[in-house]
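Report on one structure; see the data block that follows.
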Amino acid sequence: VAAINATGNILDARRPILQDVTGVISYTDPAWSANGQYLAYVQTDNYVSQASIYVQKYTISTSSSGAVTPIGAPLLVVSGAGGVSNRHPAWSPTGLQLAYDSNATGLSIDLYTVDVNPAAATVGTPVQRTTINNKAEFKPDYSPDGTKLAFVTNLYGPFSIQVLSLADNTFVGAESNPALVTHDNPSWSSDGLSIYYDAPAGEDSALPQDIWKLDLATQAK
């Protein structure tokens, strides 16, 4: 509100970065690289019949109009051709790799990583990190040291948060004895010792969502 009052222009407080004025293309799942230069995002349609991941470089600016100015063409990271849904891109701390989830196998939603060098406009071959059929692994988030992914799965029924080691693709529960309620949207603390997520207040599914912090070593919440 203050920004709108100060400038008299709502665009200076809220300005679209990606928008299709025809209403045909949808843009979702934005993720900025750590250096603030590159935006990873999903391009799909109103029916989410397919979903591709792109990376676009943007101008670094203190003005909103400058900050939404793209530099060059977007880089296609992984295509949704053939009805594949690639979602929830997350940058590695180095800005040279993306994690995402995809139904590319046609058997389930799995986690993938792919090397990306946006400055050189090069993309590697995606690496499948989970292989459990008929269950979903999705919404990855890198640990600060880039060695692990926190993610959500329905492997044990209600959504729970797991931690995958990128060294060998094994994973364990972030919480040793989670309540049987939805745990969603994991995000690492900056020191890598805790994971933030949302879950019902009091771990009671009848209550609204709260933000929780889980200390991985002590399991304190």
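The values are calculated or read from the model by the stated rules, or taken from the named source; none is laboratory data. This is a predicted model, so every value here is computed, not measured. Cβ: placed from backbone, ideal geometry, glycine included. Neighbour counts: every protein chain shown. Protein only, heavy atoms only, side chains kept; ligands, DNA and RNA dropped before computing areas. Shrake-Rupley method; radii C 1.70, N 1.55, O 1.52, S 1.80 Å.
Within the straight-line cut-off of under 23 Å between alpha carbons, the lysines reachable from Lys135 are Lys148, sequence neighbours fewer than 8 places apart in one chain being disregarded.
Quick one: pull the percent of accessible area on the range 162-209 belonging to carbon and sulfur, 1.4 Å probe, ligands and nucleic acids left out. In the range 162-209, the share of accessible area belonging to carbon and sulfur is 52 percent.
Contact order normalised by length for the range 26-131, with contacts defined as Cα pairs under 8 Å and 6 or more residues apart; what percent is it? Once divided by the residue count of the range 26-131, the mean separation gives 20 percent. The residues of the range 95-221 expose on average 48 square angstrom of accessible surface per residue, using a 1.4 Å probe on protein heavy atoms.
In the range 109-221, a dipole from Cβ-located charges (positive for Lys and Arg, negative for Asp and Glu) runs towards its positive end, and of Val127, Leu193, Ser160 it is Val127 whose Cα lies farthest in that direction.
The amide H of Gln97, built 1.01 Å from its N in the peptide plane, has Ser92, Val116 as neighbours under 5 Å, considering only residues 5 or more places off or on other chains.
Taking every alpha-carbon pair under 8 Å whose residues sit at least 6 apart, the chain reaches a relative contact order of 10 percent. Which percent of the accessible area of the range 33-146 is formed by carbon and sulfur heavy atoms (probe 1.4 angstrom)? The C+S portion of the solvent-accessible surface of the range 33-146 is 53 percent. The relative contact order of the range 73-193 comes to 18 percent, based on Cα pairs under 8 Å that sit 6 or more residues apart. Over the chain, DSSP H runs of length four or greater, each weighted -39,500 (n - 2.57), average out per residue to a 222 nm ellipticity of -1000 deg cm²/dmol.
So how strong a dipole does the range 83-164 carry about its Cα centre when Lys and Arg Cβ are +1 and Asp and Glu Cβ are -1, to the nearest 20 debye? Don't skip to the end; give the middle numbers.
Numbers: 5 positive and 6 negative charges, 27 e Å.
That gives the range 83-164 a dipole magnitude of about 120 debye.
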